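The values are calculated or read from the model by the stated rules, or taken from the named source; none is laboratory data. Owing to the predicted nature of the structure, the values given are computational and were not obtained by experimental measurement. Backbone-built Cβ (ideal geometry, glycine too); neighbour counts: all protein chains shown.
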Amino acid sequence: MKKAEPAAVAAAFNEIKKKAGARWGNLWQDRPVILVGAATCGRAAGAIEVLDTFKAEIKNRNLDVPVIEVGCMGHCYAEPLVIIGKPGQPPVCYNHVNPVIAERLVKEYLLGDNPSPEFVLAALEPSEALPSFQDFPRAQYERKIILKNCGHIDPTRIEHYIAGGGYAALVKALQMSPEEIIEEVKKSGLRGRGGAGFPTGNKWQLCRNARGRPRYMVCNADEGDPGAFMDRAILESDPHSVIEGMIIAARAIGSRYGYIYVRAEYPLAVERLDIALRQARRKKLLGNRILGSDFSFDISLFQGSGAFVCGEETALIASLEGRAGMPHHRPPYPAIQGLHGKPTLVNNVKTLASVRHIINNGADWFAGIGANGSSGTAVFALAGKVVNTGLVEVPMGTTLRQIIFDVGSGIPKGKKFKAVQIGGPSGGCLPESALDLPVDFDSLRGAGAMMGSGGMVVLDEDDCMVEIARYFLEFTQKESCGKCTFCRLGTKQMLEVLTEFTRGEGKIEDLDNLYKLAGEIQAGSLCGLGRTAPNPVLTTLRYFRDEYRAHIELGRCPALMCMHLIAYYILPHKCERSCDACVGSCSVEAISPNKKRIKVIDQEKCVKCGKCLEACPFQYNAVVKLTPPSEVPAR
Amino acid sequence: MTAPEAQETVEDPEQIKRETGLVVRGFSRKRLNLIPILQKVQGKLGYLPRAAMTEIAAYLNIPDIDVYGVVTFYNQFRLNPPGRHSIRVCLGTACHMKGGYIALDAWKRRLGINPRETSPDREFDLDTVACVGCCTMAPVTVVDEKPERQVDPTRVDGLLLAFENERKAREKEKGEKS
């Protein structure tokens, strides 16, 4: 392919950019602006009601203040979030906003001059009167590159993206030869963010060199790990960054047609991608002769139908072809022989979202971020027993301790850290002793886990490690496509053994059987699902063997979690005769007062939901969990 | 997440054939259109009855079993009609650890059905979902597309009571009209 006419392309883009800049470039400067975070997480917390309230207030008062629906700002613990910017003042981010607070903010901050510090999370820029994000400990570690736009631009307006520097990398790439683009990506050291960490530049080269036409470009947005929502947040908040990366990748490999394979469980992401694609076509950034150059490329959306295994690239391709999503043997790799037997490049959402930054800022800049052979940043969805749940972006090589305790602010309610589950069903549970490991593609492997696509769930002393291993195995067992015998039947056997453990019916020799089965499943499975399925079990066995032994030998669950191994009991000497809180809280009517009006739980009826423990007033604190259930005194 | 629920489920085989025929004609007769067709038909009918599957197989000129194989492989597709209200319990990691399984137990107990089933009166269908990405509000149950936060057995009873009241109001209105 020869180079496009650089001058004409640049001129065409400058025209678009000028228009976009006039409307969106100085958004903050001449009038106040309200941004409401309304990605799925924000909506679940009530962002739409907040958005409607702002719109109604602005309309009723005849104000000239745009109310913009943006994506996810990453601070999920504080949703719904609102940013209000006033000319000449640093934009302020408000947390836990509801319609009542929204009304007050309009009255007091927009009309008045009181920034209402009681509702403020932080100011976006250093401010004298208010705390700012720069003051937070997490600011020391966080480096937002892929997530920079998320929550700050309107994902449904391409102009907003362009005004912020969007599609400049595409223009630059159109003036480079495909070989130059691949060379740049190779030099940056970018590795696949889907979990495997294969060098992206090499994959592109492979696909470009492969025989056969046409070549296909596929974006893998089938994010299926339970507890991971990074890709969803990016697609909902900044869809154009992924599309731009796709177009650049397509130019590098010489593809004219691409697909975004997105989960149907993410309806909002589908909707916003659809809008983004149509806008890009209208601006001639997608479609025939992009920006007047000789390069043409178009993208279709394909909705996955809820099969975890379709995140594996060969299964994804089978699904695109209209078949059941079963992986096949590699080689041939999809880069050589993929969709319809043609060379197909499959890249993860975050990989593609990184591309434009590499082209814009140069490979050396990107390679300078991160460490230990993993360049760039890592995006994590931090969830579980941690104070600041949400999205985190840190340079590769940041330690787990820094992420959990500095960025995430540690464990809530003064509980003790127990483990961090990283990498979802393919990853493992790492204990306190592994917390100083740097997070990159290679370091975690030695500890038995992997970085995976970015799910990070923090567990505290109330979480049972046998139960979490069982949970992940139940997931992989259900999602196993059934092609490989060891994965199909082996996971089932392992699950049965673990289920017995959590019921206190296990045998000690089963621990060895678990190891044996794990080894066989790893060796006898074609794809990553089977090969990594035993990881959660193996890591918990390695670091928390005592807990397994307690379940098997004593029938105890030390974390008081496994339903079959615990019983709820009301301490008679602590129970207050005049209080009936637990009786009302029980949804199965298992609690009744005895003759002395001391409340007693009928263990036969009890479903162990724990509501009575929550309901018992703290000054009495009479409800306790006992393990094993035989600890409950006979009546 | 399943496709938007149909208002009234279609159960007459002739009507199923007609509706399916209308959908498939929008696609070319290529195998790779199978999944998009299935998604669209389910969006229209609420589920994928046998008559619809055979109709699609005939249109794409592939064996019936291929369609059935794909339908049963993917979690999104359902073979039985949905209830008036859909209950989907999130069992993502965070929700599970914070008691999603307790909420699922409560739903099962109250509705008397297992996941992927519809209650006999067609009021509710129950299902689990891997993760809806609202991990900070765990445990989450998605009730008619709306994620409900911190759903425990008491909240389950509360939600069901609200539906019961709504149903009574509906019936009363009907009674007044007639």
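When restricted to residues that are of a type in the set (Phe, Trp, Tyr) and either in the same structural domain as A:Cys310 (by TED's automatic domain parsing) or buried (at least 16 other Cβ atoms within 10 Å of the Cβ) (or both), region A:497-540 contains 1.
Scan region A:244-263 for residues that are within 14 Å of chain B (Cβ to nearest Cβ), buried (at least 21 other Cβ atoms within 10 Å of the Cβ) and not β-branched (Val, Ile, Thr) and the total you get is 3.
Every condition in (1) within 27 Å of A:Lys416 (Cβ to Cβ); (2) at pLDDT below 95 is met by A:Leu565 except one, and the failing one is (2).
For region B:145-162: of the residues being modelled with pLDDT of 90 or more and either under 17 Å from the mean Cα position of the chain (by Cα) or surrounded by 23 or more Cβ atoms within 10 Å (Cβ to Cβ) (or both), which is farthest from B:Ile113 (Cα to Cα)? Among those that are modelled with pLDDT of 90 or more and either under 17 Å from the mean Cα position of the chain (by Cα) or surrounded by 23 or more Cβ atoms within 10 Å (Cβ to Cβ) (or both), it is B:Val151. Across region B:26-44, the number of residues qualifying as within 12 Å of chain A (Cβ to nearest Cβ) and part of a helix (DSSP H, G or I) comes to 12.
Taken over region B:100-133, the criterion of being at the interface with another protein chain (Cβ under 7 Å from one of its Cβ atoms), over 21 Å from A:Thr40 (Cα atoms) and surrounded by 19 or more Cβ atoms within 10 Å (Cβ to Cβ) is satisfied by B:Ile102, B:Ala106. Candidates A:Asp436, A:Asp460, A:Asp406, A:Asp442: the one that is within 12 Å of chain B (Cβ to nearest Cβ) and surrounded by fewer than 22 Cβ atoms within 10 Å (Cβ to Cβ) is A:Asp460.
Of the residues A:Ala39, A:Ala22, A:Ala11, the single one that is out of contact with any Pro (no Cβ under 6 Å at 6 or more places or on another chain) and more than 30 Å from A:Asn62 (Cα to Cα) is A:Ala11.
In summary, A:Thr539 fulfils each of the numbered conditions (1) within 13 Å of chain B (Cβ to nearest Cβ); (2) under 30 Å from A:Ala449 (Cα atoms) with the single exception of condition (1). Take the residues in region B:99-136 that are assigned to a loop (DSSP other than H, G, I, E, B) and among the acidic types (Asp, Glu); name whichever of them is nearest to the chain's Cα centre (by Cα). Once the filter is applied, the top-ranked residue is B:Glu123.
Condition check ((1) within 34 Å of the chain's Cα centre (by Cα); (2) surrounded by fewer than 16 Cβ atoms within 10 Å (Cβ to Cβ); (3) not assigned by TED's automatic domain parsing to the domain that holds A:Leu121) across all residues:
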| residue | (1), (2), (3) |
| --- | --- |
| A:Ala8 | no, yes, yes |
| A:Glu15 | no, yes, yes |
| A:Gly25 | yes, no, yes |
| A:Val36 | yes, no, no |
| A:Ala39 | yes, no, no |
| A:Ala45 | yes, no, no |
| A:Thr53 | yes, no, no |
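One residue stands out among those in region A:470-488 that are more than 12 Å from chain B (Cβ to nearest Cβ) and touching a helix residue (DSSP H, G or I) at 6+ places or on another chain (Cβ under 9 Å): the one that is farthest from A:Gly325 (Cα to Cα), which is A:Leu473. Got at least one residue in region A:347-363 being within 14 Å of chain B (Cβ to nearest Cβ) and either outside any loop (DSSP other than H, G, I, E, B) or within 14 Å of the chain's Cα centre (by Cα) (or both)? Yes; the residues of region A:347-363 include at least one that is within 14 Å of chain B (Cβ to nearest Cβ) and either outside any loop (DSSP other than H, G, I, E, B) or within 14 Å of the chain's Cα centre (by Cα) (or both). Within region A:169-188, residues that are of a type in the set (A, V, I, L, M, F, W, C) sit with their Cβ atoms under 8 Å from residues that are not in a helix (DSSP H, G or I), at 6+ positions apart or across chains, in these pairs: A:Leu170/A:Leu285; A:Leu174/A:Ala4; A:Leu174/A:Ser293; A:Leu174/A:Phe295; A:Met176/A:Lys3. Only residues that are more than 20 Å from A:Thr377 (Cβ to Cβ), buried (at least 24 other Cβ atoms within 10 Å of the Cβ) and within 12 Å of another protein chain (Cβ to nearest Cβ) were counted across region A:418-433, and they come to 4.
In region A:308-325, the residues that are without any contact (Cβ under 8 Å) to a residue 60 or more places away in the chain and farther than 19 Å from A:Ala533 by Cα form Cβ pairs under 7 Å with partners that are crowded, with 24+ Cβ neighbours inside 10 Å and small (Gly, Ala, Ser), at six or more places apart or across chains, as follows: A:Ala318/A:Gly325; A:Ser319/A:Gly304; A:Ser319/A:Gly325.
Can A:Ser443 be described as more than 24 Å from the chain's Cα centre (by Cα), closer than 29 Å to A:Val407 by Cβ and not charged (D, E, K, R)? Spelling it out, it is not the case that A:Ser443 is more than 24 Å from the chain's Cα centre (by Cα), closer than 29 Å to A:Val407 by Cβ and not charged (D, E, K, R). Residues that are closer than 18 Å to B:Leu91 by Cα and either free of Cβ contacts under 8 Å to residues at least 60 places away in the same chain or not acidic (Asp, Glu) (or both) within region B:145-174 comprise B:Lys146, B:Pro147, B:Glu148, B:Arg149, B:Gln150, B:Val151, B:Asp152, B:Pro153, B:Arg155, B:Val156, listed in sequence order.
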